[in-house]
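Visitor: Below you will find the structure I want to go over with you.
Readers should treat all values here as calculations from the given coordinates under stated rules, not as data from a laboratory. Fair warning: this is a prediction, and the values are worked out from it, not measured in the lab. FYI the Cβ positions are ideal-geometry reconstructions off the backbone, even for glycines, and counts take in every protein chain you see.
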Amino acid sequence: MENQATKQSEKKIDKVTKSEAEWRQQLSDQEYQVTRKKGTEPAFTGKYWDTHKNGVFECVCCGEPLFDSSTKFDSGSGWPSFWEPIDASKLELENDESYGMVRTEVMCRRCEAHLGHVFPDGPKPTGLRFCINSAALKLKENEGK
Ligand SMILES: [Zn+2]
């Protein structure tokens, strides 16, 4: 099924599409509200905002590797924050003007899960802050050391 996974750049995205009922079954209530209904978990409550473990953060819906722990930083926001995605082509960015704010929404391109937002106030070298809900992520810890 993933035999072409090594060809990264020009690869056509293998979209994951499921019905609302299927997502509901697969996800916890909170994961469903965040990823499928564009919700936001309360700050400082998610399981990963203060995690310093090494590994890869995958999309909780489709398992796509999205962020690496080496790009995670303490933003003080109460949500997991990254200055760079593993592969920008795996993310879908969209203007979000809800709640009277102009923000850029971050979604998983493969399954269209809502992940969080990206802000232009991050650290070097990118200056970006990907502010992502813990409920949208699943940490796959590095094995071995
Ligand atoms: Zn996904």
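Visitor: Could you put Thr45, Thr71, Thr17, Thr35 in order, starting from the residue whose Cβ has the fewest other Cβ atoms within 10 Å?
Guide: Thr17, Thr45, Thr71, Thr35
Visitor: Please rank Met107, Met101, fewest neighbouring Cβ atoms within 10 Å first, as an exposure proxy.
Guide: The fewest-first ordering by Cβ neighbours comes to Met101, Met107.
Visitor: Which FRET efficiency value, to the nearest 0.05, do you get for Gln26 and Leu93 by plugging their Cβ-Cβ distance into 1/(1 + (r/R0)^6) with R0 = 25 Å?
Guide: So the FRET efficiency works out to roughly 0.50.
Visitor: Also, quick follow-up: Which of the residue pairs Lys18/Lys138; Lys12/Lys124; Lys18/Lys124; Lys12/Lys47; Lys47/Lys90 have a Cα-Cα distance greater than 29 Å in the structure shown?
Guide: Those over the limit are Lys12/Lys124; Lys18/Lys124; Lys12/Lys47.
Visitor: Residue by residue, what Karplus-based ³J(HN,Hα) values in Hz, rounded to whole numbers, does region 106-112 have, using 6.51, -1.76 and 1.60 with θ = phi - 60° and x for Gly and Pro?
Guide: 10, 10, 7, 5, 6, 10, 6
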